[in-house]
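Here is the structure we will look at.
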Amino acid sequence: MLPAALVVAAAVAAHAAALPNRFVWDDEPIVVEDPATKDLGQLPTVLLSPDEVKPYYRPLNRASYLVDYQLFGMSPGGFHLVNLLVHAAGALALYALGLALFARRGPALAAALLLAVHPIHSESVAFVSARNNLFALAFSLVALLLFVHAARRRSMPLAWGSGLAFFLALASKEQGLMVLAVIVALLVLRSTRSLLGGAPRWTVLVPHGVALALYAGLRTAALGGPGGGGAATIWTGLGGRLAQNLYVLPTYLGLSLFPSGLTVFHELPARGWSLWWVPLAWVAILGALALLLRRPSPVATLGLLWLGLQLLPVANIVPIPSASMAERFFHLPAIGLWIVLADVGARLAAGVPARWVTAATASALVALGVRSAVRDRDWRDDVALFESAVAVDPRSPSATFNLGVALKDAGDLDGAARAWRATLALAPDDPGAHAQLGTLAAVQGDLAAAEAHYRAALHVDPALQEALFNLGRICERTGRTAEAVVHYRAAVAAAPTSYGAGIGDRARERLRALDAPAGARPGVASP
């Protein structure tokens, strides 16, 4: 009981700093501004519709925001508290799994405490919109834990419990599918069968098959197909995306061992000379892997399986709409690393005085917990979040651009303009920065400068809805009604640039005011 309490206390101590934070970044469109977050009558829609964009389908996560609103209103502290509690539950689940695998408290506690306090998990804990990772991890761990016990005891009730947890992991995030891959690997590999108490009975997988079929049916109903219509894009640029992993994987592992460069924007390097360290990192990775496989233990093998299989969904095999790399993507794979480190650490500590091992482990965990507390405060508001990103990587156009948006929303227009100019200094063709500077110039009455920025944005992205609409407004205000109509129609036809922006509706209103039908052929907006 005391170790379990220690795990919860460590998770709370490391991440309590997130409780006073506001909603930040995508929290506004996904949580605060979404009507489905506030009305329990929207529950059927939430359960049977895509997430914010296809191919995401995460009904359990979206439904949890409905419950939060009923309990806390739109107070961010309540939402952050739920994130923290789910994170603590995930750490407890890892401790219980560790006891089943190691049959010893020490390494089980070490793995659970690494999950509880490591700052690479801060993004999933401090970012309300990243709760899907917390749910998916907690239910995946419970599914594996119950499966291990079901296999050992030949218990179908436990197998059905594992199947239910597997279904809930899937309903939280698509990455939950990989716990089934881990389970199948445990059944197939002789080196891990000892963890299951001997030769398995494949009937224990029946509940998981039922859960997968049920999820596939719901996903098909919500998205119009199990893949959400994105399969055609998988092969486009696949080689380049896979090559990115030569940089991404060592970076994830480096952040796990030395968490000093944590940021919400991990830009992929554009210059080959800056990647001199990548071959050295891969030599170290392959060397460590060879040592582990030379004298493998069943638990370390399980850890490697978890790490490798959970990395597959975030390895850019399928294009990820949000980013090629993000710390929240590593939330689930990291568990495999913690299991391996706990196993290796326990073997290396054999024969070392226990007080030395305890002191060294405690010191490392306390240092990691302090780093998590500091990192969580970076998420206190948008300005702090993006200022921290700029501090980590001043050459990140994403960081400077988003800092400009945050400063604009905070009322600091001069600071916003400086940030967007810094973005253009790094990426001269950035359409978003041009569009934002155009809007700022229009507000300040400089329509000529505004038009120049909008046209520069459309030269790069001819379907940028915001720039199309605002250029139409400028044309309308300067007496070029026919050209304004062309831009408004193009804005109606363009895809929205942000969640719930309503730009298409505003363009339709202007077309009605000008007595021009929105359904007419939009034509070509000349940049």
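Please compute the alpha carbon radius of gyration of the stretch 356-495, then divide it by the globular-protein estimate 2.2 N^0.38 Å. Two decimals is fine. Spell out each step's value before the answer.
Numbers: Rg = 20.7 Å, N = 140, 2.2 N^0.38 = 14.4 Å.
Cα-based Rg divided by the globular estimate yields 1.44.
With the contact rule set at Cα under 8 Å and sequence spacing of 6 or more, what percent relative contact order holds for the stretch 418-457? Could you put the intermediate results ahead of the total?
Details: 38 pairs, mean separation 15.4, N = 40.
Once divided by the residue count of the stretch 418-457, the mean separation gives 38 percent.
Would you mind ranking 81, 146, 268 by Cβ crowding within 10 Å, fewest neighbours first?
Working: 81 17, 146 26, 268 12.
Going from sparsest to densest Cβ surroundings: 268, 81, 146.
Using only the Cα atoms of the stretch 130-210, each taken as one equal point scatterer with no solvent, compute I(q) by the Debye sum, divide by I(0), and report log10 of the ratio at q = 0.12 Å⁻¹.
-0.30
When a/c is below 1.5 the answer is rounded, else prolate if a/b is larger than b/c, else oblate, so apply that to the chain with a ≥ b ≥ c taken from the square roots of the Cα gyration tensor eigenvalues. List each step's numbers first, then the result.
On the way: a/c = 2.08, a/b = 1.73, b/c = 1.20.
Prolate, because a/c is 1.5 or more and a/b exceeds b/c.
If you fit an axis through the alpha-carbon atoms of helix 447-460 and take the longest principal axis of the Cα set of the chain, what angle between them do you get, 0 to 90°, nearest 10?
Tilt relative to the chain: about 50 degrees.
How do 249-260, 369-380 rank on mean C-beta neighbours within 10 Å, highest first? Show your work: numbers first, answer last.
Values: 249-260: 16.6, 369-380: 20.8.
Packing order, densest peptide first, comes out as 369-380, 249-260.
Going by average Cβ density within 10 Å per residue, which order do the peptides 435-446, 109-120 take, highest to lowest? Don't skip to the end; give the middle numbers.
Working: 435-446: 18.8, 109-120: 26.7.
Averaged packing, sorted descending, gives the order 109-120, 435-446.
Based only on other Cβ atoms within 10 Å, what is the fewest-to-most ordering of 37, 478? Could the numbers behind the result be given before it?
Values: 37 20, 478 13.
With the sparsest Cβ surroundings first, the list reads 478, 37.
Pop the C-beta distance of residue 293 and residue 443 into the FRET formula with R0 = 56 Å and round what comes out to the nearest 0.05. Before the final figure, lay out each step's value.
On the way: r = 61 Å, r/R0 = 1.10.
Taking R0 as 56 Å, the efficiency between residue 293 and residue 443 is 0.35.
Using Cβ counts within 10 Å as a stand-in for footprinting exposure, how do 355, 473 rank, fewest first? Please list the in-between numbers first.
Values: 355 8, 473 20.
In increasing order of surrounding Cβ atoms, one gets 355, 473.
Every number in this text was worked out from the coordinates using simple rules, so none of it is lab data. Small disclaimer: the values here were computed from a predicted structure and weren't measured. Don't worry about glycine lacking a Cβ; one is built from the backbone with ideal geometry, like all the others, and counts go over all protein chains shown.
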